[in-house]
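Trainee: Got a structure here, written out as structure tokens. Questions coming.
The values are calculated or read from the model by the stated rules, or taken from the named source; none is laboratory data. Keep in mind it's a predicted model, so treat the numbers as computed, not measured. Please note: Cβ atoms are built from the backbone with ideal geometry, for glycine as well, and neighbour counts cover all protein chains shown.
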Amino acid sequence: MHKDRIAPPTGKALDHAMQQKTITGAAWGQMLLLGLIWGGSFLAMRVALYEIGSFTTVLHRTSWAMLALWAFVALARLDVPRDLRTWGAFLVMGLLNNVIPFTLLAFGTQHLETGLVAIFNASTAVFGVLIAALVFADEKLTPRKAVGVMLGFVGVATAMGIGFLGQIDLRSLAQLACIGAAFCYGCSGAWARARLGHLKPQVASAGMLTGSTLTMIPLAWMIEGPVRFDLLPQTWGAIGYFALVATAAAYLLYYSILAKAGSGNLMLVTLLVAPVAILLGALVLGEALHPRHYAGFALIACGLAVLDGRILTLLAEQRGNRV
């Protein structure tokens, strides 16, 4: 899924959430809305990149979203941590969940179809499960999870293509950048569980975006110069969308769905984002993906379904009923 967020729990916590939560009509509606919002963020990023650089794009995204979320925290009167250890964790989380992946995705978006960027981004959950298995004792890589991870990686390799191994150009580097972003998102999920699990998610998100913004200000300034505000209306529209809608508002919507449906069900949003991005890329930008890209996404989707586990459980139950 498009990972502009604190990653949900995995392993036993995820399995527990799946057992305890069902998807109501309201939750389905919110999930569809979140899939549409995140799917549109790839197109918005491409539009902004026509006029401003990658680092400046990321700075706009984190700074405006940061201000919006701190406004929410203030209105909701949520407690704000004051210890240096937590703010240090915010800084690391900002690097893993915003600064590095946002920058890599911005680079990838400049040289790839937006739909393909979204397909690579869908592998985030696969990396998250693998990294959690390496880091946490209670999230071991079971045979089912191993199959899901393997399917996900085969899907990524299929989308990249066999010829990728024999050439190094901007397109192949952009594909690697998107995979690197998904890996960073996977790392951020483990970091969030280890260091930020005691905080309200809205506070953790605002703190993370603060760390991201403080990092991006000098980076964008040194690499691309002072931030310009004399931008075209469509550029401001794109910035407003991916900062305020696809980041700040999407965080709040995400946690609302999490409370209603649980993290296991929320994994399904991942399967909604890429098709939306592919459709928007085709309609607005005239993009056309290669059949191997669709095949790769199908394999990634199968991997996510195996990781989710419910389809396999349903098939086993049906087989048992027949017997």
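Trainee: Looking at region 285-306, I want the residues that are more than 14 Å from Ala125 (Cβ to Cβ) and have a partner that is in a loop (DSSP other than H, G, I, E, B) and modelled with pLDDT under 95 with Cβ atoms under 6 Å, at least 6 apart or on another chain. Which pairs are those?
Mentor: Arg292/Gly161
Trainee: Among the helices (runs of 4 or more DSSP H) contained in region 38-129, which hold 3 or more residues that are farther than 30 Å from Ala305 by Cα?
Mentor: Passing ranges, in order: 54-76, 84-94.
Results for (1) over 22 Å from Thr270 (Cα atoms); (2) of a type in the set (A, V, I, L, M); (3) surrounded by fewer than 22 Cβ atoms within 10 Å (Cβ to Cβ), shown as yes or no for each residue.
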residue: Gly211; (1), (2), (3): yes, no, no
residue: Met216; (1), (2), (3): yes, yes, no
residue: Pro226; (1), (2), (3): yes, no, yes
residue: Leu232; (1), (2), (3): yes, yes, yes
residue: Phe242; (1), (2), (3): no, no, no
residue: Ala246; (1), (2), (3): no, yes, no
residue: Tyr254; (1), (2), (3): no, no, no
residue: Leu258; (1), (2), (3): no, yes, yes
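Trainee: Are there any pairs with C-beta distances below 7 angstrom linking a residue in region 15-42 that is hydroxyl-bearing (Ser, Thr, Tyr) to a residue that is in a helix (DSSP H, G or I) and at pLDDT 90 or above, with the two at least 6 apart or on different chains, and if so which?
Mentor: Ser41/Phe242; Ser41/Ala246
Trainee: Are there helices (runs of 4 or more DSSP H) fully within region 198-267 with at least 2 residues that are at negative phi and without any contact (Cβ under 8 Å) to a residue 24 or more places away in the chain? List them.
Mentor: Passing ranges, in order: 201-224, 233-240.
Trainee: Looking at (1) at pLDDT 95 or above; (2) surrounded by fewer than 19 Cβ atoms within 10 Å (Cβ to Cβ); (3) assigned to a helix (DSSP H, G or I); (4) not β-branched (Val, Ile, Thr), which is the one condition that is false for Trp28?
Mentor: Condition not satisfied by Trp28: (1).
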